[in-house]
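Enquirer: Could you have a look at this structure, given as structure tokens, before my questions?
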Amino acid sequence: MNSETIPVTRSSLPSFDEYIEEIRPLWDSRWLTNAGCKHKEFENAIKRYLGVESVTLFVNGHAALESAIEGLGIGEDGRRKVITTPFTFASTTHAIVRRGLEPVFADIKLDDYTLDPLEIAKLAEDPQVGAIVPVHVYGNICDVASIDKIAKKNGLKVIYDAAHAFGVSVGNTSVAEFGDASVFSFHATKVFNSIEGGAVCGSDESLSHKLNYLKNFGINEDGDCDIAGMNGKMNEFCSAMGICNLRHLDSEIEKRRAIAYTYCEYLDGLPGVKMSMPRRGTKPNFAYFPVLFDPVVFGMSRDDVFDVLLKAGVVARRYFYPLTSNLKCYHGRSGFEQGRTPIASWVSENILTLPLFADLSVKDARMICRVIRESKA
Ligand SMILES: *Cc1c(COP(=O)(O)O)cnc(C)c1O
């Protein structure tokens, strides 16, 4: 990759000096991990930012997701099926499978790519279903009201994979407040990063109590273990990076907004090109810029557009492709047969996310639009 290449994403960083100041106290305390002062400070900063009662930090989003599933006791009553979406990152599906549970894939909506509540409702009638794990994909908030209704009616737990949705809110309600728990990722490629990191958020203090044991091998006050926990702790250096990046998050999101609006303006009206702008009443985070290319109407396939962009030095991403239900490790598994989620399949084959990061210039975003417009022979 030469220096002219435009990557699909680029990690946000504070200034070097800001980070160095943030980690300086660690040289005095020699306290590098296990809930030190930066960890506490970061947890409180997230609580304030999201306006949520309970935040439990983790080493990464995936460990947070597996721990939330375990902490809420999904499957313990014998109901081992979990309704979820195949249009997501591998982590969502892997977390369910690695907990010894069985994903049941529901189809998504074409307008915002989140789970279709009508499809969830049908699958929720199966008495073996015990939970729903929806994804606020690209930062688009799921139909939380409908999902809540279905969950209440059938006695299901809901864990939102909110890895894409940090900072998003609906009206005055933070995305972290929906369901039994919401899981965030602070991976380097996400809107908000702590290098690696994640969190489980919610309003249930007893859940966070349990998660704090789970992420530290299950070790209790007596030095004994009541549960067989894991090591899911976030260290002080990642916490310090999170503290710094959180200070700048709002301005980073504003810069992303400018790029997203540039794409919208310059791709608007192209036949066969569908963009999704934030729903009214939501405060978006502009995490990704997905564009759906209808190969028949646009006259070119998604893969052709990808190649044309690459030749122009622009790295777009087939995100998400393949569907998680079609990942190699799941081939031949029952319940993972293709064709169950036709909309998700179609979207997965025709969607491309364009470069979007705070430092991308409007000029480059316009150039990307021009390449796409001119790609049509
Ligand atoms: C990034 C991501 C995760 C996993 O987060 P990590 O912090 O990378 O472990 C889970 N779900 C989705 C949808 C993601 O995009």
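Enquirer: Any idea which of (1) open to solvent by 70 Å² or more (accessible area, probe 1.4 Å); (2) outside any loop (DSSP other than H, G, I, E, B) is the one E337 doesn't satisfy?
Expert: Evaluating E337 over (1) open to solvent by 70 Å² or more (accessible area, probe 1.4 Å); (2) outside any loop (DSSP other than H, G, I, E, B) leaves (2) as the failure.
Enquirer: Hey, among the residues in segment 184-198 that are over 11 Å from S11 (Cα atoms) and of a type outside the set (F, W, Y), which one's nearest to the ligand (Cβ to nearest atom)?
Expert: Checking each candidate, the answer is S185.
Enquirer: Moving on to the next point. So S239 clears everything in (1) modelled with pLDDT of 95 or more; (2) out of contact with any His (no Cβ under 6 Å at 6 or more places or on another chain) except one condition, right? Which one?
Expert: (2)
Enquirer: Okay, next question. Do we have A176 as farther than 21 Å from T93 by Cβ and crowded, with 24+ Cβ neighbours inside 10 Å here?
Expert: Values: farther than 21 Å from T93 by Cβ: yes; crowded, with 24+ Cβ neighbours inside 10 Å: yes.
Yes.
Enquirer: Kindly indicate whether D112 is away from the ligand (no atom under 14 Å from the Cβ), open to solvent by less than 50 Å² (accessible area, probe 1.4 Å) and not basic (K, R).
Expert: Values: away from the ligand (no atom under 14 Å from the Cβ): yes; open to solvent by less than 50 Å² (accessible area, probe 1.4 Å): yes; not basic (K, R): yes.
Taking the combined requirement at face value, the residue satisfies it.
Enquirer: Any residue in segment 157-183 that is within 13 Å of the ligand (Cβ to nearest atom) sitting within a Cβ distance under 6 Å of a residue that is open to solvent by 30 Å² or more (accessible area, probe 1.4 Å)? List the pairs, counting only those 6 or more apart or interchain.
Expert: Y160/F178; Y160/G179
Enquirer: Looking at H62, is it within 15 Å of the ligand (Cβ to nearest atom), open to solvent by 30 Å² or more (accessible area, probe 1.4 Å) and touching a Cys at 6+ places or on another chain (Cβ under 9 Å)?
Expert: On the way: within 15 Å of the ligand (Cβ to nearest atom): yes; open to solvent by 30 Å² or more (accessible area, probe 1.4 Å): yes; touching a Cys at 6+ places or on another chain (Cβ under 9 Å): no.
So H62 fails the test.
Enquirer: Also, quick follow-up: Would you say K149 is away from the ligand (no atom under 11 Å from the Cβ) and either surrounded by fewer than 18 Cβ atoms within 10 Å (Cβ to Cβ) or free of Cβ contacts under 8 Å to residues at least 12 places away in the same chain (or both)? Talk me through it step by step, then tell me what you get.
Expert: Values: away from the ligand (no atom under 11 Å from the Cβ): yes; either surrounded by fewer than 18 Cβ atoms within 10 Å (Cβ to Cβ) or free of Cβ contacts under 8 Å to residues at least 12 places away in the same chain (or both): yes.
Taking the combined requirement at face value, the residue satisfies it.
Enquirer: Give just the number: which of (1) closer than 12 Å to C244 by Cα; (2) out of contact with any strand residue (DSSP E or B) (no Cβ under 8 Å at 6 or more places or on another chain) does F42 not satisfy?
Expert: (2)
Enquirer: Considering each of A145, A151, A176 in turn, give the residue that is part of a helix (DSSP H, G or I) and within 20 Å of E66 (Cβ to Cβ). Reasoning before the result, please.
Expert: Details: A145 fails: within 20 Å of E66 (Cβ to Cβ); A151 fails: within 20 Å of E66 (Cβ to Cβ).
Result: A176 is the single residue among A145, A151, A176 that is part of a helix (DSSP H, G or I) and within 20 Å of E66 (Cβ to Cβ).
Enquirer: Continuing with the same structure: Taking the stated definitions as given, is A316 open to solvent by less than 10 Å² (accessible area, probe 1.4 Å), under 20 Å from P103 (Cα atoms) and within 25 Å of the chain's Cα centre (by Cα)? Let's see the steps before the verdict.
Expert: Values: open to solvent by less than 10 Å² (accessible area, probe 1.4 Å): yes; under 20 Å from P103 (Cα atoms): no; within 25 Å of the chain's Cα centre (by Cα): yes.
Here the answer is no, as A316 does not meet what is asked.
Enquirer: Right, A121: open to solvent by 10 Å² or more (accessible area, probe 1.4 Å) and within 12 Å of the chain's Cα centre (by Cα) or not?
Expert: On the way: open to solvent by 10 Å² or more (accessible area, probe 1.4 Å): yes; within 12 Å of the chain's Cα centre (by Cα): no.
Answer is no for this residue.
Enquirer: Which residues, counting only those in segment 77-100, are within 16 Å of the ligand (Cβ to nearest atom), assigned to a loop (DSSP other than H, G, I, E, B) and open to solvent by 10 Å² or more (accessible area, probe 1.4 Å)?
Expert: F89, R99
Enquirer: Another question about this same structure. Can you tell me which residue is least open to solvent (accessible area, probe 1.4 Å) among those in segment 319-334 that are among the hydroxyl-bearing types (S, T, Y) and farther than 13 Å from S348 by Cβ? Can you show your working first?
Expert: Within segment 319-334, the subset among the hydroxyl-bearing types (S, T, Y) is 319, 321, 324-325, 330, 334.
Cutting the leftovers down to farther than 13 Å from S348 by Cβ gives us 330, 334.
Details: Y330: 11, S334: 86 Å².
It comes out as Y330.
Enquirer: Select, from I46, I6, I69, I74, the only residue that is more than 28 Å from E177 (Cα to Cα) and either crowded, with 20+ Cβ neighbours inside 10 Å or touching a Gly at 6+ places or on another chain (Cβ under 8 Å) (or both).
Expert: Sole residue among the options that is more than 28 Å from E177 (Cα to Cα) and either crowded, with 20+ Cβ neighbours inside 10 Å or touching a Gly at 6+ places or on another chain (Cβ under 8 Å) (or both): I6.
Enquirer: Same structure, new question: Looking at segment 212-235, is at least one residue buried (at least 17 other Cβ atoms within 10 Å of the Cβ) and within 12 Å of the ligand (Cβ to nearest atom)?
Expert: Yes: one or more hits.
Enquirer: Pull out all pairs, ordered by first then second residue, where Cβ-Cβ is under 7 Å, the residues are six or more apart or on different chains, the first lies in segment 102-128 and is touching a residue at least 12 places away in the same chain (Cβ under 8 Å) and assigned to a helix (DSSP H, G or I), and the second is of a type in the set (A, V, I, L, M) and open to solvent by 10 Å² or more (accessible area, probe 1.4 Å).
Expert: Partner pairs satisfying both residue conditions: P117/I150; I120/I150; A121/I150; L123/V104.
Enquirer: When segment 144-167 is examined, which residues are found to be in contact with a His (Cβ under 7 Å, 6 or more places away or on another chain) and either hydrophobic (A, V, I, L, M, F, W, C) or on the phi > 0 side of the Ramachandran plot (or both)?
Expert: A162, A165
Enquirer: Tally time: how many residues in segment 9-43 are open to solvent by less than 40 Å² (accessible area, probe 1.4 Å) and part of a loop (DSSP other than H, G, I, E, B)?
Expert: Within segment 9-43, residues that are open to solvent by less than 40 Å² (accessible area, probe 1.4 Å) and part of a loop (DSSP other than H, G, I, E, B) number 3.
Enquirer: Something else now. Please work out which one of (1) under 23 Å from F89 (Cα atoms); (2) in contact with a strand residue (DSSP E or B) (Cβ under 7 Å, 6 or more places away or on another chain); (3) open to solvent by less than 30 Å² (accessible area, probe 1.4 Å) is the condition K274 fails and give its number.
Expert: Exception for K274: condition (3).
Enquirer: Checking the structure you have, find out if any residue of segment 294-315 is outside any helix (DSSP H, G or I) and aromatic (F, W, Y).
Expert: Taking segment 294-315 first, the residues outside any helix (DSSP H, G or I) are 294, 299-301, 312-315.
The next check asks that each one be aromatic (F, W, Y); those that pass are none.
The answer is no; no qualifying residue exists.
The values are calculated or read from the model by the stated rules, or taken from the named source; none is laboratory data. On a predicted model such as this, the values are computed, not experimentally measured, just so you know. Quick reminder, even Gly has a Cβ in these numbers, built from the backbone with ideal geometry, and neighbours come from all protein chains shown. Ligands, DNA and RNA are excluded from the accessible area calculation, which covers all protein heavy atoms including side chains. Shrake-Rupley method; radii C 1.70, N 1.55, O 1.52, S 1.80 Å.
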